[in-house]
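Student: Pasting a structure here, questions to come.
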Amino acid sequence: MSRILDQRILLLVISFSASVQSTKVLSEWKKCGDLECEKAMSRVQATTDYSGPDCRYLNFKTGEEIIVYSKLSRENENLWTGSKGKDFGYFPRDAVKIEEVLIGEEVEVLTKETDFLCLHEDKYTFE
């Protein structure tokens, strides 16, 4: 009986730590093409295959085109957000090369907690 209880507690701890990691705020600030972060900033091309650590990240193959909508700034400038078809998420800026800049000026805004949630098939996933 004690062993089963120990296993359940371990599974609960693992589940909780995975949940905290997947909703962790990656940066307090981001740069966008407008105040609502709806305007596309640039068109980039993947220079390497990339598979992210969780559902918040955009996976892609070398050569695929991605539209960039925001760039995390200040404490975490390496991550950008963008879309590839219906998929949307974070990716490292050094995994792409800029093909075309679509805006004249970047605007820095505060991030929101919802910026760091997983989005699957038009539904938010709260893990």
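What follows draws every value from the coordinates through simple rules; no lab data is involved. Values in this document were obtained by computation on a predicted structure and should not be read as measured data. Note that each Cβ is placed from the backbone with ideal geometry, even for glycine, and that neighbours are counted across all protein chains shown.
Student: Got a sec? Which residues in the stretch 84-116 would a label at LYS39 touch, if it sits 7 Å along Cα→Cβ and we count backbone N under 14 Å?
Tutor: In the stretch 84-116, the label zone of LYS39 (backbone N under 14 Å from the point 7 Å along Cα→Cβ) covers 101-109.
Student: For ASP34, enumerate residues with amide H under 5 Å from its amide H, sequence gap 5+ or separate chain, H modeled in the peptide plane.
Tutor: Placed amide hydrogens put LYS39, VAL107 under 5 Å from ASP34.
Student: Moving to a separate point now. Compute and list, largest first, the equivalent-ellipsoid semi-axes of the stretch 24-127 from the alpha carbon gyration tensor, each √(5λ) rounded to a whole angstrom.
Tutor: Equivalent-ellipsoid dimensions as semi-axes: 19, 18, 13 Å.
Student: Turning to a different aspect of this structure: Each residue of the stretch 35-41 in turn: what ³J(HN,Hα) in whole Hz from Karplus with 6.51, -1.76, 1.60 and θ = phi - 60°, glycine and Pro shown as x?
Tutor: 5, 8, 6, 9, 7, 5, 8
Student: At 0.36 nm per residue, and after removing the present C-alpha to C-alpha distance, how many nm does the segment from LYS97 to THR48 gain when stretched out fully?
Tutor: So the extension gain works out to 16.7 nm.
Student: What distance in nm lies between label points placed 7 Å from Cα along the C-beta direction at TRP29 and LEU117?
Tutor: The two pseudo-label positions are separated by 2.6 nm.
Student: Here is a further query. Excluding GLY82 itself, what net charge comes from residues whose Cβ is under 11 Å from its Cβ, given Lys and Arg +1 and Asp and Glu -1?
Tutor: +1
Student: Taking amide H positions as placed 1.01 Å from N in the peptide plane, with prolines and chain starts having none, which residues 5 or more places from SER42, or on another chain, fall under 5 Å of its amide H?
Tutor: Here the answer is VAL68, LEU102, since their amide H atoms fall under 5 Å of that of SER42.
Student: Each residue of the stretch 67-84 in order: what ³J(HN,Hα) in whole Hz does its phi give by Karplus 6.51 cos²θ - 1.76 cosθ + 1.60, θ = phi - 60°, with x for Gly and Pro?
Tutor: Computed from phi, the couplings for the stretch 67-84 are 9, 8, 10, 7, 10, 4, 9, 6, 6, 8, 7, 7, 9, 10, 10, x, 10, 9 Hz.
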